Amino acid sequence: MRNSSRQKVLTIITMVSLGFGIETASASTSFGAWYLNPINPTEAIADFGNNDINGLFEDHIPFNLPVGYSGFGGDSVIVGFAGSFDLTFSEFSLWDLTDNTLIATDDGFTDLSQWFKFSGPLPHSHSYELVLKGNLLDGYTNGSYVGDLTISAAIPEPETYAMLLAGLGLLGIRLTAEKKTFDLV
């Protein structure tokens, strides 16, 4: 757990120092491409952020799930650019846009970060959105935040295993029948 937190902080510092070198969703918000967690390859991670906050803000960052991932997950966001605490959040949440339902909202808050966890499975065919609202702290004229969204690989439901076993059983019956045909010839 400690190494995971250290890796997240290093990832965030790297992102900030590289000036948010990820795909841009609009002029100021960004949502990067999904990549495998190097520590746990059953998880996919996408980075997001906004490096151009000039006051009261409300960011809506839409995304779709990566192929094969729809299980439980979590999200964390850290405020400040290059180490300064320049803004505060009033909302940090995950929404299912297809059903217009709230999936998760902030579980914790410090002066530096917020986070939440959610359980799945989430429908892969749905569209999702991160919503971040807040304001600059007094004395600051601009601010920023970065974060990452993590989702686990989908775990097949029991019905899926039942269909797989039924299919393998039918394949075995067919192969047995074909073998008997060859034995007769």
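Highest mean first, the peptides 71-78, 43-50, 134-141 sorted by other C-beta atoms within 10 Å per residue fall in the order 43-50, 71-78, 134-141. The Lys133 and Thr42 beta-carbon pair, evaluated with R₀ = 35 Å, returns a calculated FRET efficiency of approximately 0.65. Model label sites at Asn142 and Val67, defined 7 Å from Cα along the beta-carbon direction, differ in position by 3.9 nm.
Full extension of the segment from Thr101 to His60, taken as 0.36 nm per residue of separation minus the current Cα-Cα distance, would add 13.3 nm.
The numbers here are math on the coordinates, done by the rules we state, and not lab data. All figures in this text were calculated on a predicted structure; none of them were measured in a lab. As a convention, Cβ positions derive from the backbone with ideal geometry for all residues, glycine included, and neighbour counts pool all protein chains shown.
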